[in-house]
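Working notes, beginning with the structure itself.
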Amino acid sequence: MKLWGGRFKKSESKLMEDFNSSLSFDKLLYSEDIEGSMAHVKMLSKCNILSKEEGESILKGLQSILSDIEDGKLKIEGDYEDIHTFVEVNLIERVGQVGKKLHTARSRNDQVAVDFRLYCKKSALEVIKNIEKLQDVIKNLGENNNIMMPGYTHLQRAQVVTFKHHIMAYYNMLKRDKARILNAVEIMDENPLGCCALAGTTYNIDRSFTAKELGFKKPVDNFLDGVSDRDYVLELLSNFSIIMMHLSRLSEELILWSSKEFDFVQIDDEFSTGSSIMPQKKNPDAAELIRGKTGRVYGSLMSLLTTMKGIPLAYNKDMQEDKEQFFNSLDTVLSCLKVMSGMLSTLKIKKDNTFKAVKRGFLNATEAADYLVNKGMAFRDAHKVIGEIVLYCEEGDKAIEDVSVDELKKFSSLFSDDVYEFINYENTLNRGIKKNLR
Ligand code: ARG
């Protein structure tokens, strides 16, 4: 079913109809579509383009369609071209001829633009809610595990840190993710309704009225831009991609840490799976899936960027491709945030193992060099001396703190008994990370 046809001699081929139809996915926009239509009708009545009675009867019809969809009495299916056609055809069936006046001073181009902006704004807030939940989980996990662990660079043990400081790095990433989304919402917060097909309308409409009615800051400034802008979708897809990159890095760490090689954490049974052949296996599938699904969100971003790059102004049907990419990425990012929250809120940290790894990694070598610097040696010379001590320890399979002062003195006469206090792991943490821990 279509909203056009007067100028055609033949009907559309079935193949073309199926190819063109977007109802199977844009049905998700039903409530935004009805909300947009309601604001439009109120504006038409207010501007005397429709009579008060006409406006009221259309509004009643739209309201009944909304409640019937929500109560499951009206299913969004059938051979309608899109959700806009579905709502309009159903409206005319319910309220009669007056329903045909709904589309006065409007095009599906500004209609879909307003629907999708509303949907994107709503989705952005939903993502933010889930980011905040994950931040809470991370904060709790950190606070309950203010324990020592090795910090890494190049995946080689580097200096001692706390688990809390390590995991709070992700809290800070999520904080930026949230700020980026709020910024995108701020930028997209303009009303495209009233741009019509591309050139506005000769009716004396009130775009500020619909902007206010729909919760937008203001109407867009340019009609051609208003109907053909999809920056807001791209911005969210780009923000989602960065969130997924963060979740994927964290997943990678959880996968490593849960391996026997690291053995720092235990992922709860609730978020693990087994093997059909190897009875002993417990696999970190949740983390692997998050890492894997990152690819599809990046893919959506690249797909829509590519779709948009060659489109002349104003609306072109290419832009219909925005929806499936966005819906899929939104589902993905929401489920990954939820699964990560679940996995982290049940995660156990094996504090004895993280401490053992600290002991075995020469994680106080930098502080040992700092010790010599405090005693007057230049840092570059101190670096060399400690390097030689590390080599010596490796050969004898011991830690720096296990070497006696007499032995240390062979490397530098500046060593005395106070070195052990200085390079003690807890003390280095207290002088460093814990002092400026956030
Ligand atoms: N399904 C279309 C889309 O998502 C709606 C707009 C149709 N506009 C048009 N001129 N055919 O982009």
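Number of residues in the range 258-311 that are open to solvent by 50 Å² or more (accessible area, probe 1.4 Å), without any contact (Cβ under 8 Å) to a residue 40 or more places away in the chain and either under 27 Å from Lys164 (Cβ atoms) or not β-branched (Val, Ile, Thr) (or both) equals 17.
Mind listing just one residue for me: the one in the range 104-123 that is within 12 Å of the ligand (Cβ to nearest atom) and more than 27 Å from Phe240 (Cβ to Cβ) and, of those, surrounded by the fewest Cβ atoms within 10 Å (Cβ to Cβ)? Filtering first and then ranking leaves Ser107.
Can Gly78 be described as of a type outside the set (A, V, I, L, M, F, W, C), more than 27 Å from Asn204 (Cα to Cα) and within 16 Å of the ligand (Cβ to nearest atom)? Judged against the criteria, Gly78 is a match. Against the test of being open to solvent by 10 Å² or more (accessible area, probe 1.4 Å) and in contact with a Gly (Cβ under 6 Å, 6 or more places away or on another chain), the options Ser57, Ser45, Ser51, Ser67 yield a single qualifying residue, Ser45. Is it the case that some residue within the range 22-38 is assigned to a loop (DSSP other than H, G, I, E, B) and surrounded by fewer than 16 Cβ atoms within 10 Å (Cβ to Cβ)? No; the residues of the range 22-38 include none that is assigned to a loop (DSSP other than H, G, I, E, B) and surrounded by fewer than 16 Cβ atoms within 10 Å (Cβ to Cβ). Pairs linking a residue in the range 313-333 that is on the phi > 0 side of the Ramachandran plot and free of Cβ contacts under 8 Å to residues at least 12 places away in the same chain to a residue that is open to solvent by less than 10 Å² (accessible area, probe 1.4 Å) and within 11 Å of the ligand (Cβ to nearest atom), with Cβ atoms under 6 Å and 6 or more positions apart or on different chains, do not occur. Quick one: in the range 402-438, of everything that is in a loop (DSSP other than H, G, I, E, B) and within 47 Å of the chain's Cα centre (by Cα), which residue is surrounded by the most Cβ atoms within 10 Å (Cβ to Cβ)? Applying the filter and picking the extreme gives Gly432. How many residues are within 16 Å of the ligand (Cβ to nearest atom), outside any helix (DSSP H, G or I) and either among the aliphatic types (A, V, I, L, M) or crowded, with 16+ Cβ neighbours inside 10 Å (or both) when one looks only at the range 312-367? So the answer is 3.
I'd like to know if the range 89-102 contains one or more residues that are of a type outside the set (S, T, N, Q), away from the ligand (no atom under 16 Å from the Cβ), open to solvent by less than 10 Å² (accessible area, probe 1.4 Å) and more than 30 Å from His40 (Cβ to Cβ). So far as the range 89-102 goes, no, none of its residues is of a type outside the set (S, T, N, Q), away from the ligand (no atom under 16 Å from the Cβ), open to solvent by less than 10 Å² (accessible area, probe 1.4 Å) and more than 30 Å from His40 (Cβ to Cβ).
Listed by first and then second residue, the pairs with beta-carbon distance under 6 Å, at least 6 apart or on different chains, first residue in the range 99-114 and under 12 Å from Ala197 (Cα atoms), second near the ligand (Cβ under 8 Å from one of its atoms) and modelled with pLDDT of 95 or more, are Ser107/Ala197; Arg108/His84; Asn109/Ala197; Asn109/Tyr315; Gln111/His84.
The helices (runs of 4 or more DSSP H) found entirely in the range 195-258 that carry 2 or more residues being away from the ligand (no atom under 16 Å from the Cβ), of a type in the set (D, E, K, R) and closer than 24 Å to Tyr298 by Cβ are 231-258.
The values are calculated or read from the model by the stated rules, or taken from the named source; none is laboratory data. These figures come from a predicted structure and were not determined experimentally. A quick note on method: Cβ atoms are made from the backbone with ideal geometry, for glycine too, and the neighbour counts reach across all protein chains shown. Surface accessibility is based on the protein's heavy atoms, side chains included, excluding ligands, DNA and RNA. Shrake-Rupley method; radii C 1.70, N 1.55, O 1.52, S 1.80 Å.
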